[in-house]
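Note sheet for the following structure.
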Amino acid sequence: MSPLGMTMDQVIVNLVIPAVKIAVVLGVISGAVAYLTLMERKILGFMQLRLAPRRVGPSGLLQPIADGIKLLLKEDVMPQGADRALFLLAPVLAIIPAFASLAVLPFASAPFEVFGYTITPFITDVNIGVLYILSISSLGIYGIILGGWASNSKYSLLGSLRSAAQMISYEVPLGLAIIGVLMLAGTASMVGIVEAQRDAGMWFFVPQIVGLFCFFVSAVAETNRLPFDLPEAEAELVAGYQTEYAGMKFAFFMLAEYTSMIIVASVATTLWLGGWMRPFPGVEQLAFLDWLNFIHPALSGVFWFTMKVLFVLYVYIWLRGTFPRYRYDQLMRIGWKWLLPLSLLNVLATGIWLVLR
Amino acid sequence: MFRTEMMEINMGPQHPSTHGVLRLELTLDGETVVDVRPVIGYLHRGVEKLSEHKIYVMIPPLCDRLDYVASGSQNLGYIQAVEMLAGIEVPERARYVRTILAELNRISSHLVWLGTHALDIGAMTVFFYCFREREMILDMFESFCGARLTTNMFRIGGLLDDLPPGWIAACRHFIDLFPSRIKEYEGLLSTNRIWLERTKGVGYISAEDAISWGVTGPMLRASGVAYDIRKTEPYAAYDRMEFDVPTHKDGDTYARYVVRLEELRQSTRIIRQAIDGIPAGEIRAPKLKTRMKAPVGEVYHEIEGPRGVQGFYLVSDGGEKPYRCHFRAPSFVNLAAIGDMSRGGLVADIVAIIGTIDIVLGDCDR
């Protein structure tokens, strides 16, 4: 008997395996975030006719590590008159929800066996997975508001106020855009939604293209990326809520932002783009696309999931390379006057279709 | 009860989008701009006073450093003023070369404007596209005179040297290529909804206001006044060139964008004609001393720079050095209108308006 009154077996199943899974996912995603910055710089460099970083390591592959070391070694600056406790707390508050959302992302479905224990290739699957992500990621705004407030800087304050207004406005169409998918799938479990797409024989972006559009636009606004990057619009507000932050505290905000990007891309992949499934899962002739199956089906799932996430992230970066930035009032107008009615109409149309079917 | 108060914000002198060391004192009501007060002088180097202690040929390098983005125009204006003062005739070939270089300079200056303006509004890629073409122009400057930014291209009485071999061919290649590149910028901006929403109706200035503020250049033309020194008082070889003066009736940021893009095309047109019609012959007036003296008198000469009318006022007491120098800086005059243009707008409009005024602080502060 172990101290908690569980058998050794229960300890492993309930504590060790989840802990290892969490460690693996956090580690992989943190690394992925670092390399997402490199990917962004490389793609932008390609679009903008310039050379992206290429000095550190072969073709710049060690650049994220150099950046990380640089940020770690930076002096920790505390602005005069800042609220010390909140100033320290804000980056942490920004990053916790971002990482917590990773818990329900289904990277693949096929379980594998290690030492007789069955392990699923995702941290957990709860029946309210989508709602969990929505609610947890909404908390990220606290980090930004408190960071802007605690900095005792007008630029930071303006940036965080913009951010608050923006993220709260776009939460509404974001949630409504997802409802269409939930109605078709009949479940809010992330794994269940992918399985529903398999059973339906098509990815949900076909019937729910309007929902995907609304979701993606709102999500770009939620994650403060161009053309909706007003909270940190460097031309106007220097760096918005991050202005006074340096070193690792700044890195935490960046980490939170890029992790949110990955989460948005993962949610779009899961809900609309068929999750871990290869293209046309019903067509036998394309089975060779699952070539990683010869090792394990879970690997194949992770491969296709990653591919789709990378595609969505590419679109993100592509937008940044193409668009100017919206103005504050225009942003609000789009959110409330276009996206909200559009996503409501989408819910209505989906409902009518479900009734008439 | 609740109490509201205005927010005072200092934008600059170190700020990403003040294009140098401009400082704006903003009074904000939330995001709405109540008042803007530009504070200048951070780049004041006393060039006018300095010029009184230098002989005439030593001043052009100082002029280059006024408006360093359009150093060729500054140079040309000063040198033509000295030539008028001293009554020097410039050979025809030199006039043509001056026209070509001044127009290339206008293109490169407008490219800096377009790139930074778009960057301020958030369109990052346009900036790099513009600098790709600017690089070609700077390379041409370098092969002509050895410098890229502060060029000191012209000499009193003409040019130091003739165009190097192959220069005309390089220039022709550039103007053949350039119209397609303008289409690329337009492809990224002109039909972009966000760009239109950010620029249309922003920073409006009426023709009357523009005239009473003394605003000149593309800003005046975008308010519907077809005033261009190259047409009204032609200098260099502009009287032989055929070109249009683009105007727009709207007077907003978008109108200025349209006018400047059209000016890029017209500049290309002028350069093409100048290259085709360039005569052979001397490039410098004969018999000029280094320590030249100008007869007693005064002269005021204006040229159409990329930002507007650049004026050069020289007073001579008959000596080797000018008795008094004054430079009319278009950036300084145009910047004065920023208050009227931005009141009632949003913070984001301020950066668009700074971009559209196209200031160079070296020019503004002198």
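The values are calculated or read from the model by the stated rules, or taken from the named source; none is laboratory data. The structure presented is a predicted model; accordingly, all values stated were derived computationally and were not measured. Every residue, glycine among them, receives a Cβ derived from its backbone with ideal geometry; neighbour counts consider all protein chains shown. Please note that ligands, DNA and RNA were not included when accessible areas were found on the heavy atoms of the full protein model with its side chains. Shrake-Rupley method; radii C 1.70, N 1.55, O 1.52, S 1.80 Å.
Points worth noting:
- Lysines with Cα under 23 Å of B:K249, excluding same-chain neighbours fewer than 8 positions away: B:K183, B:K200, B:K231
- Number of partner chain Cβ atoms within 10 Å, mean per residue of A:40-47: 1
- Site pair A:M307 and A:E75 shows an inter-label distance of 5.0 nm when each label is modelled 7 Å from Cα along Cα→Cβ.
- P(r) tail fraction, the range A:74-356 - alpha-carbon pairs more than 23 Å apart, %: 56 percent
- Among A:V220, A:V302, A:V24: highest mean-square fluctuation, GNM of chain A, C-alpha pairs under 10 Å: A:V24
- Loop sites in the range B:169-260: GluC sites (Glu not before Pro), DSSP, at most 10 other Cβ within 10 Å: B:E242
- Cα→Cβ-extended label distance, 7 Å offset, between A:M332 and A:V206, nm: 4.2 nm
- Shielding value for B:186-198 is 3, the average number of Cβ atoms from other chains within 10 Å of each residue's Cβ.
- Sorting the segments A:183-189, A:97-103, A:212-218 by their mean number of nearby beta carbons within 10 angstrom, highest to lowest, gives A:212-218, A:97-103, A:183-189.
- Mean residue ellipticity at 222 nm, helices only, the protein assembly as shown: -17500 deg cm²/dmol; runs of at least 4 DSSP H residues each add -39,500 (n - 2.57), and the sum is divided by the number of residues.
- Three-way shape call for the range B:204-356 based on the alpha-carbon gyration tensor, with the a/c threshold at 1.5: oblate
- Model label points for A:D199 and B:H173, set 7 angstrom from Cα along the Cα-to-Cβ axis, are 6.6 nm apart.
- Per-residue surface analysis assigns A:M332 an accessible area of about 40 Å², computed on protein heavy atoms at 1.4 Å probe radius.
- Separation between Cα centres of the range A:101-163 and the range A:1-78, rounded to whole Å: 15 Å
- Per-pair calculated FRET efficiency, R0 = 30 Å: A:Q10 and A:I295 via Cβ, rounded to 0.05: 0.50
- Neighbouring Cβ atoms from other chains, within 10 Å of the Cβ of residues in B:114-125, number 5 on average.
- Highest mean packing first, where packing is the average number of other Cβ atoms within 10 Å per residue, the peptides B:142-149, A:261-268, A:14-21 line up as A:261-268, B:142-149, A:14-21.
- Principal semi-axes of the equivalent ellipsoid, √(5λ) from the alpha carbon gyration tensor of chain B, are 35, 25, 17 Å from largest down.
- Peptide ranges B:75-88, B:317-330 listed from the most packed, as the mean C-beta count within 10 angstrom indicates: B:75-88, B:317-330
- Here the convex hull built on the C-alpha positions of the protein assembly as shown has a volume of 222 cubic angstrom per residue.
- Chain A against chain B buries an accessible area of about 2700 Å², both chains summed, 1.4 Å probe radius.
- Amide H to amide H distances under 5 Å link B:V21 with B:L361, where only residues 5 or more positions off or on other chains count and H is placed in the peptide plane.
- Principal axis dimensions, the range A:184-229 - Cα atoms, whole angstrom, descending: 38, 20, 12
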